[in-house]
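Every read-out reported here was derived from the displayed coordinates using simple, explicitly stated rules and does not represent laboratory data. Bear in mind the structure is a predicted one, so any value in this text is a computation, not a measurement. Here the Cβ positions follow ideal geometry from the backbone for every residue, glycine too, while neighbour counts run over all protein chains shown.
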Amino acid sequence: MLDFLQNQSQDLKSLAIMGGTFDPVHFGHLSAAQTVQDLLSIDKILFLPSGDPPHKQKSGLTPAETRFHMTQLAIQDNPGFITSRLEIDREGRTYTIDTIHELRKKLPAETKLYFIVGADSFLEMPTWYHAQELLRSCSYIVVNRPGYPLHIDPDTFEGVDYHIVEVPPLDISSTEIRKRVREGRSIKYLLPDQVIEWIYAHHLYEEP
């Protein structure tokens, strides 16, 4: 569902996609998104929980509905952040190029579309599904940690519109959060309190 577009698309000059499994979403995701929005003056950041990503093992991945709800909780107090069920409602494998195409159909032609991607993932994008088409389907915001030079091959990424943004180096990972819950350790200050409450209330991540 893309209900947010029905109400906001006419005034949407720019939209940046923040994709991921968000299992769970944490302050690293939120801080990076806010930095991108502030530095590039992007109207809305679209958090897009993945459905069945081809690069992840499906076994062990928290159900999409749960990950989507946690993402909603995490961004509910930020009017510049929105979320969508686009990928979790799509049947079969989730490919980024399909998402871009679907958004393009819904957005006004003048809306600038960005895709936020980590530096390591950006360098691997030439191996992704329909890579050449994907790399030219929108603009890219490559988030990188300060002090880590990013070496981009100009031949591989020739003609690709990308912007490098350095984000605060928050050493937080969803894997570590799940591990802490499993071991009975605190996850406070790693993700929003409302998400923490949801995790504990629904006994998420307690089993390996």
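Points to keep in mind about this one:
- log₁₀ of I(q)/I(0) at q = 0.13, 0.18, 0.19 Å⁻¹ - the stretch 92-207, Debye sum with one point per alpha carbon: -0.74, -1.01, -1.03
- Amide H within-cut-off set for I141, under 5 Å, with H built and near neighbours excluded: F115, I116, V117, H163
- J(HN,Hα) series, the stretch 137-146, from Karplus relation 6.51 cos²θ - 1.76 cosθ + 1.60, nearest Hz, glycine and proline x: 8, 6, 8, 10, 10, 9, 8, 9, 7, x
- Among residues other than S31 with Cβ under 14 Å from its Cβ, the summed charge is -2 (Lys and Arg +1, Asp and Glu -1).
- With N as its number of residues, the stretch 54-155 has a Cα radius of gyration that, divided by 2.2 N^0.38 Å, comes to 1.22.
- Sequence-distant contacts, meaning Cα pairs under 8 Å at least 6 residues apart, place the relative contact order of the stretch 133-208 at 27 percent.
- The value for the chain of Rg(Cα) / (2.2 N^0.38 Å) is 1.01.
- Taking every C-alpha pair closer than 8 Å and separated by at least 6 residues, the mean separation divided by the residue count of the chain gives a relative contact order of 24 percent.
- Among the listed pairs K44/K179; K44/K106; K13/K188, those beyond 26 Å (Cα-Cα): K44/K179; K13/K188
- Packing around the peptides 98-107, 18-27, taken as the average count of other Cβ atoms within 10 Å per residue, puts them in this order, highest first: 18-27, 98-107.
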